[in-house]
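The values are calculated or read from the model by the stated rules, or taken from the named source; none is laboratory data. All figures in this text were calculated on a predicted structure; none of them were measured in a lab. Note: ideal-geometry Cβ built from the backbone for every residue, glycine included; neighbour counts use all protein chains shown. With ligands, DNA and RNA removed, areas are computed over all heavy atoms of the protein, side chains included. Shrake-Rupley method; radii C 1.70, N 1.55, O 1.52, S 1.80 Å.
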Amino acid sequence: MAKPVPLLKEQTNKETEILVTHDTQCPFCSVQCKMQLLETKSKHRTSYQMIGKDNPTSKGRLCVKGMHAYQHTLHKDRLSHPLLKVNGEFVPITWEEAYETMTSQVKSIQREDGNDAMAVYGSASITNEEAYVLGKFARVGLRTKHIDYNGRLCMSAAATAASASFGVDRGFTNGLDEIPFSECIVLVGTNLAECQPTLMPYFEEARKHGALIIVVDPRETTTAKLADIHLKLKPGTDAALANGLLKTIIEEGFTDEVFLKERAEGFDDVKAYLASISLATIVNQTGIKEDDLIRAARTFGQARSGMIFTARGIEQQTDGVMAVRNFLNLLIATGKLGKPFSGYGAITGQSNGQGAREHGQKADQLPGYRAIENSEHRSFIADVWGIEATDLPGKGVSAFELFEKMDRKEITGMFLVCSNPVVSNPKADFVKKAIGKLKFFVAVDLFLSETAQLADLVLPTTSFLEDEGTMTNVEGRVTLREASVEPYGESKHDWQIIQDLARALGKEKYFSYTCAEDIFNELRKASKGGIADYYGITYKRLKNGNGILWPCPTLDHPGTPRLFDQTFHRANKKASMVVVPNEAFVPKEAPSPDFPLYLTTGRELAHYLTGVQTRSSPSLLARSFESFMEIHPETAGAYGIQDQSFVQLTSPQGSLVVRARYSDKTRQDTVFVPFHWGGQQNINRLVSANLDPDCRMPGFKVSVVKAEPLKQTR
Ligand code: SF4
């Protein structure tokens, strides 16, 4: 709660000012920068300032989003009471009325349509405790198998790839402090400078120490300015590019034969496949010049240490899992794992992208990164929860597939927590239509987001300043975010809402927490012995602000900064290489005379996810107040599109209007549009619903469109 009032100060006008400091963490990206909110109160006004606080990850740095993160929490549009839709209008109701409504609707739906007719849709922006209790609520409270979350659209490809290659998925295999000493760094589809800006100094320092940096991206992003070699590939051809790099590395003798013999499997098959393909094919497929490809391969192959980082650019594709695995092949082939300054990093996007995928929100997962289809894992969690393993539902479906089930009326009710799927999902108009078919829809949120507006019942939740809990950052470091101000209006913490609903449904026996720490202590037991073992982590240990890197199996364990020193986490202790055929990576979406351009999407500096919070911050909105389409001037000229004019952008899914912005930093066959905007400017209305076959990630990064000047009508 709020810190003691530490300071009284006399100003020149003799007015007394009271300064209150609030310790917190930024609610936005996965760096989870520690910071302090300074609240200065006087008789006539209260002012605020965010100051970065030293910690091992961001070292006191903040980006523009963090500096203004308090603004949305004070916004006049924040929800302060439960709202029920009556005759198309929201009216305030009491919490008791809200719980009664939800309980009777859920019982009715499950009586008529079965337990699995209720879906739960979670978030990677909530705390570990809330992710854990939401997973338990779905399985024990509602007894439905249908739970998934928005992290499916964000990190699932990297998570699946790392689990398959290494047997464990933790964001970074090494501590951040090793980056500045790595000799060669490959950044694949990541725009750190805009998405995780406070991590940039690690890479800038590496450059100062002489590291060579290779950036793989169709756009010349702010991050690409760091690059010694920028491989500006055609969208969707990352896996083929990795084949070209691997082929050169093998043929020029840069592989680590001892590592391959002792610590890896599958190399011979990969080598045989690569011998059967030509670099010319890869050059043609990727659009990368052979000289550049060979130079990049030699640079990485010759370096004594090296790291590869991937993010949404490579992962949000219909073949994202295999594309990431092919870059992991590169690390394995050159033995750049389990050693100082060598390793892999999946640069998670959302604030709790790592922790939220470890503790049971995914359709196929139980806490501690246990698998819902593994009978041993089911029994372990059933024991912790005090239920029979046979009462645990099985595996459900992925985030987008939940909406397909709603469209078919197989799912008829939804409980949504802190997410905005009508903006974040592909084929967004379809998602909106599918939600419209539900018999009952409850949304928990800070604001009436584009999705919450569709709900029958909206429940107000607390902001990051008000809600205590742990988060697991991009490194896999578990941190404690303290609550520092009282809940706004009648809002409640997510975990309180979930618990109250479970109790209203008659499940009080399983939900009797008095605070977030109670939940964490149960989570610790549930994760004990699992891949993501948090057992040795306690609130008391986290209070020093430094966090602990999992696995941390005992109370005296220091945490694990570097993974794979001795073994990988697969059954045979070896890393797994896999053949990734080039032909599998022809993107499902290819330009045609009707849709001649690639569309790729991403973030910009001032905004976060679907913008519900950052668009409610006046300072951030002022920096970027509308969407745009970045287009190469020569491409624009060919289509008669003027700089700063409105453009009709059309894909096979639909059409929208957006302002053109000339940029010679993007490929001539590709346009870029950010994904932070709803309504008419929601770019996901144009993205198709093709999914990765393994992780069910939609192919956000490769769509096809046509761009035309908007016809003016009077
Ligand atoms: Fe730090 Fe990310 Fe917040 Fe920026 S958005 S302050 S980098 S946590």
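Taking only the Cα atoms of region 423-484, the radius of gyration and Dmax are 15.7, 41 Å. Shape class for the chain, computed from the alpha carbon gyration tensor (a ≥ b ≥ c): rounded, with a/c under 1.5. When the P(r) of region 491-576 is calculated, the portion above 21 Å amounts to 47% of the C-alpha pairs.
Among the listed pairs LYS409/LYS432; LYS232/LYS271; LYS395/LYS507; LYS395/LYS437; LYS437/LYS492, which are separated by more than 18 Å between their Cα atoms? Checking Cα-Cα distances, LYS232/LYS271; LYS395/LYS507; LYS395/LYS437; LYS437/LYS492 exceed 18 Å.
Taking every alpha-carbon pair under 8 Å whose residues sit at least 6 apart, region 508-637 reaches a relative contact order of 10 percent. Using every pair of separate Cα atoms, the Kirkwood estimate puts the hydrodynamic radius of region 526-593 at 15.6 angstrom. Using the Stokes-Einstein relation with a Kirkwood hydrodynamic radius computed over Cα pairs, the translational diffusion coefficient of region 133-173 at 20 °C and a viscosity of 1.002 mPa s comes to 181 µm²/s. For the chain, the per residue solvent-accessible surface stands at 36 Å², with DNA, RNA and ligands left out and a 1.4 Å probe. Put the Cα centre of region 71-118 next to the Cα centre of region 618-639 and the gap is 38 Å. Separation of region 558-583 from region 210-286 is 18 Å, based on Cα centroids. Annotation: peptides 33-44, 88-99, ranked by per-residue average of other Cβ atoms within 10 Å with the highest first, follow the order 33-44, 88-99. Here region 561-714 has an Rg and Dmax of 19.4, 71 Å, counting Cα atoms alone. How would you classify region 247-356 from its alpha-carbon gyration tensor, with a ≥ b ≥ c the square roots of the eigenvalues: rounded for a/c under 1.5, else prolate if a/b is greater than b/c, otherwise oblate? Because a/c hits 1.5 or more and a/b fails to exceed b/c, region 247-356 counts as oblate.
The packing ranking, built from the mean of other Cβ atoms within 10 Å per residue, places the peptides 216-225, 188-197, 313-322, 202-211 in the order 313-322, 188-197, 216-225, 202-211, highest first. Packing, as the average of other Cβ atoms within 10 Å across residues, places the peptides 458-469, 406-417 in the order 458-469, 406-417, highest first.
Here the dipole of the chain is about 500 debye; that uses its Cα centre as origin and unit charges on the Cβ of Lys and Arg (positive) and Asp and Glu (negative).
Remark: region 368-462 projects, on average over all directions, an area of 7.5 nm² (convex hull of Cα atoms). Eigenvalues of the alpha-carbon gyration tensor of region 29-171, scaled by 5 and square-rooted, set the equivalent ellipsoid semi-axes at 35, 29, 11 angstrom, largest first.
With a Cα-only, solvent-free Debye model of region 460-514, what are the log10 I(q)/I(0) values at q = 0.12, 0.15, 0.16 Å⁻¹? So the normalised log intensities work out to -0.36, -0.54, -0.60.
Each 5 Å bin from 0 upward holds the following percent of the Cα-Cα pairs of region 461-617: 2, 7, 10, 12, 12, 13, 12, 10, 9, 7, 4, 1, 0. Using equal-weight Cα scatterers in the Debye expression, the normalised intensity of region 389-545 in log10 at q = 0.08, 0.17, 0.19 Å⁻¹ is -0.30, -1.24, -1.34. What does the C-alpha gyration tensor say about the overall shape of region 555-646? Classify as rounded when a/c is under 1.5, otherwise prolate if a/b is larger than b/c, or oblate. Verdict is oblate for region 555-646. On the basis of the beta-carbon distance and an R0 of 51 Å, ASN115 and LEU555 show a calculated FRET efficiency of 0.85.
Working note: Debye formula, equal point scatterers on the alpha-carbon atoms of region 664-711, no solvent; log10 I(q)/I(0) at q = 0.20, 0.21, 0.27 Å⁻¹ is -0.86, -0.92, -1.18. For region 81-153, the percent of C-alpha pairs falling in each 10 Å distance bin, counted from 0 to the bin holding the largest distance, reads 18, 37, 40, 5.
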